[in-house]
Amino acid sequence: MAANGSGGAHPVRTLKPGIYAPIPTFFLPDCEDLDLPSFQTHVIRVAKAGVGPLLAGSLGEAHHLSHAERTTLITTARKALDAEGLTHVPIIAGTGVGSTRETIELSKQAAKDGADAAIVIASGYFAGVLAGNKKALKQFWADVAEASPIPVIIYNFPGSCGGIDLDSELITELATEYPNLVGTKLTCGNVGKLTRIAATVSQPLFVSSHPRKDSDEPFLVLGGYVDFLVPSIFANAHGAITGLANVAPYTLAKLFELAVASLKDREVLPEAQRIQGIVAEADHTIAKASIAGTKALLERLYGYGGNPRRPLPPIEPQAAQALWDHPHTQALVKLEREFSGKRHPCRQGLKLHYAVQAEEL
């Protein structure tokens, strides 16, 4: 079988439209070492809900992780997924760091460790130089894409890279010219940008004229928030990479399924809109609590979560309680309990790539 990775180490697992969760990195309370049992449990939990795992991303505190810890997370996740029979579920790994050289080094290592794709953000340390230099920014992703043994996703998150905000023209150019680029995550929240990129890369002519390195892989346009998932699907986008999928993976997998179904069956749209409203309010409320807030909710829901790695502060107890008690949070929790407690077959032709067979639960 064909393989990703420099040594043919594992089978190709192509990325598909859907929902992906940037998995938090959990730490032991006393020493801040990796809490691998909690990490394994959570990766399996979201994957069984039909959500793909992204490791060492922003929510995973990538900036706080050593190279060795990144390797440990990838190998641990792959082993856990395979042991649960989830061998088909791909792993995305965050590999964007300071320099182009180190980013390529991490991408190559991620491939060896078992990652199926890399997601790469620009370094914000020299944002004063890079932000206005389209040529330098384009060269960065071009160099990484050409050197990486696994496909690369362009990560646009101005808030985490010194305000560098890629425009739709640059992202479309990169998608056109570099076949090892397989998507973009837009945590800028710019719906117009998402629409413009999707208007180009989601057309059949683009797909046939500019195939990816792996011809079975599309160029995915993914929101970085899930508060506009249904509108984005109608704009020919492909899903989302969202921290909210850690809290409510079944709900977001269901919302994606309904959004896609509503393209052909308008009778499904009102239910998709209803769920989208609940999700949009929760996304807005929970995102403001950042990493510490998400971990606090996971602690309440699943019994693990803990604190971020210092210097990030933990959420104050009163704030954590207020977040849990917030009506937007409670409405989402109610919905998640409803969907996670039911096993119903997906519609023919709309089965999520990572959908779990009923007997697995």
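The values are calculated or read from the model by the stated rules, or taken from the named source; none is laboratory data. Note that the structure is predicted; figures quoted are calculated from it, not measured. All Cβ positions, even for glycine, are placed from backbone atoms using ideal geometry, and neighbour counts span all protein chains on display. In case anyone asks, the SASA skips ligands and DNA or RNA and just uses the protein heavy atoms, side chains included. Shrake-Rupley method; radii C 1.70, N 1.55, O 1.52, S 1.80 Å.
What ranking do 232-238, 263-269, 189-195, 15-21 get when scored by the average of other Cβ atoms within 10 Å per residue, highest first? Present the calculation step by step, with values, prior to reporting the outcome.
Details: 232-238: 20.9, 263-269: 12.3, 189-195: 17.7, 15-21: 24.7.
Order by mean packing, descending: 15-21, 232-238, 189-195, 263-269.
About its Cα centre, how strong a charge dipole does the chain have in debye, to the nearest 20, once Lys and Arg get +1 and Asp and Glu get -1 at the Cβ?
Dipole about the Cα centre, nearest 20: 440 debye.
Can you work out the Karplus-derived ³J(HN,Hα) for every residue in the range 217-223? Use 6.51 cos²θ - 1.76 cosθ + 1.60 with θ = phi - 60°, whole Hz, and x for glycine or proline.
Coupling constants for the range 217-223: 9, x, 9, 8, 9, 10, x Hz.
When a/c is below 1.5 the answer is rounded, else prolate if a/b is larger than b/c, else oblate, so apply that to the range 111-246 with a ≥ b ≥ c taken from the square roots of the Cα gyration tensor eigenvalues.
Rounded shape, in that the Cα axes give a/c under 1.5.
At 1.4 Å probe size, with the rest of the protein present, what percent of the exposed accessible area of the chain is carbon and sulfur atoms?
Taking all protein chains in place, the chain shows 54 percent carbon and sulfur surface.
Amide H of N180: which non-local residues (sequence gap of 5 or more, or other chain) have their own amide H closer than 5 Å, using H built in the peptide plane?
Distant-sequence amide H within range of N180: K213.
For L28 and R300, what does the FRET efficiency come to when R0 = 22 Å and r is the distance between their Cβ atoms, rounded to the nearest 0.05? If you can, show how the numbers build up before the last one.
Details: r = 19 Å, r/R0 = 0.87.
Efficiency at R0 = 22 Å is approximately 0.70.
Which residues in the range 276-300 place their backbone N less than 19 Å from a point set 7 Å from the Cα of A331 along the Cα-to-Cβ direction?
276-289
Long-range amide H contacts for L220: which residues qualify at under 5 Å (H placed 1.01 Å from N, peptide plane, sequence gap of 5 or more or a different chain)?
G183, T184
Which order, highest average first, do 306-316, 115-125 follow once you tally other Cβ atoms within 10 Å for each residue and take the mean per peptide? Before the final figure, lay out the partial values.
Working: 306-316: 14.8, 115-125: 24.7.
Answer by packing, highest mean first, reads 115-125, 306-316.
May I ask which residue of G223, T294, I315 lies farthest towards the positive end of the charge dipole of the chain, with charges of +1 (Lys, Arg) and -1 (Asp, Glu) on Cβ and the Cα centre as origin?
Farthest along the dipole direction, towards plus: G223.
Just the number please: accessible area per residue for the chain, 1.4 Å probe, all protein chains included, in Å². Don't jump to the answer; show the numbers that get you there.
On the way: 15180 Å² over 361 residues.
That works out to 42 Å² per residue.
In terms of modelled amide H atoms, which long-range or inter-chain residues lie less than 5 Å from the amide H of G189?
Hits under the 5 Å cutoff: G224.
Which is farthest toward the positive dipole end of the chain among L28, G50, A118, measuring Cα position about the Cα centre, with Cβ charges +1 (Lys, Arg) and -1 (Asp, Glu)?
G50
Using mean Cβ contacts within 10 Å as the protection proxy, how do 218-226, 279-287, 327-335, 242-250 order, highest first?
Working: 218-226: 24.9, 279-287: 20.4, 327-335: 16.9, 242-250: 26.6.
The packing order, highest mean first, is 242-250, 218-226, 279-287, 327-335.
What span do the alpha-carbon atoms of the chain cover on each of the three principal axes, reported in whole Å from largest to smallest?
Largest to smallest, the principal-axis extents are 53, 48, 42 Å.
Can you bin the range 5-161 into rounded, prolate or oblate? Criterion: square roots of the alpha carbon gyration tensor eigenvalues sorted a ≥ b ≥ c, rounded for a/c under 1.5, prolate for a/b above b/c, oblate for the rest.
Verdict is prolate for the range 5-161.
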